[in-house]
1. Using Cα positions and a limit of under 17 Å, work out the aspartates and glutamates in reach of LYS93, with same-chain residues fewer than 8 apart set aside.
2. Taking each pair of different alpha-carbon atoms in the stretch 2-101 once, compute 1/r for the pair, average those values, and report the inverse of that mean as the Kirkwood hydrodynamic radius in Å to one decimal.
3. Can you compute the modelled spin-label distance between LEU80 and ILE44, with each label point 7 Å from Cα toward Cβ, in nm?
4. Quickly work out the SER58-to-LYS93 label distance, labels modelled 7 Å from Cα along the C-beta direction, and quote it in nm with one decimal.
Amino acid sequence: MYRYYYATTDCISNTWSTKDIEMYLLNRGDFAYGGMGAFKHNMIFLPVQLMLVKDYDSWSSNDYNNKETNYISIVTSYVLKPVAEQFIHDFEKFIGKRIVEETTLG
């Protein structure tokens, strides 16, 4: 089982700089770039995907844009590791937005 998290800009037309986020993740030293806005943590299961979406509720990893990002998807293992908790906390500070855990009604 997994936990799904995301961050969005306040308005779909607002964006973050993709390059700034990519440099932040690479400069941390614990993420590897997999291309097309996909990053993988070097020690734990913690993929991060940067996207420029047209709809916050309908997107795919193919929505990558090398200049602008308005949606960030993060997946972790169901048991949240301290490394992942610390990353989420640090990343929230960097992007200036709260990272939200996706919940499903069932």
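Nothing in this text is a laboratory measurement; each read-out follows from the coordinates by a stated rule. As the structure is a computational prediction, the values presented were derived from the model and not from experiment. Here the Cβ positions follow ideal geometry from the backbone for every residue, glycine too, while neighbour counts run over all protein chains shown.
1. Cα-Cα hits under 17 Å: ASP10, ASP20, GLU22, GLU85, GLU101.
2. This gives a value of 13.5 Å.
3. In this crude label model, LEU80 to ILE44 measures out at 1.0 nm.
4. 3.9 nm
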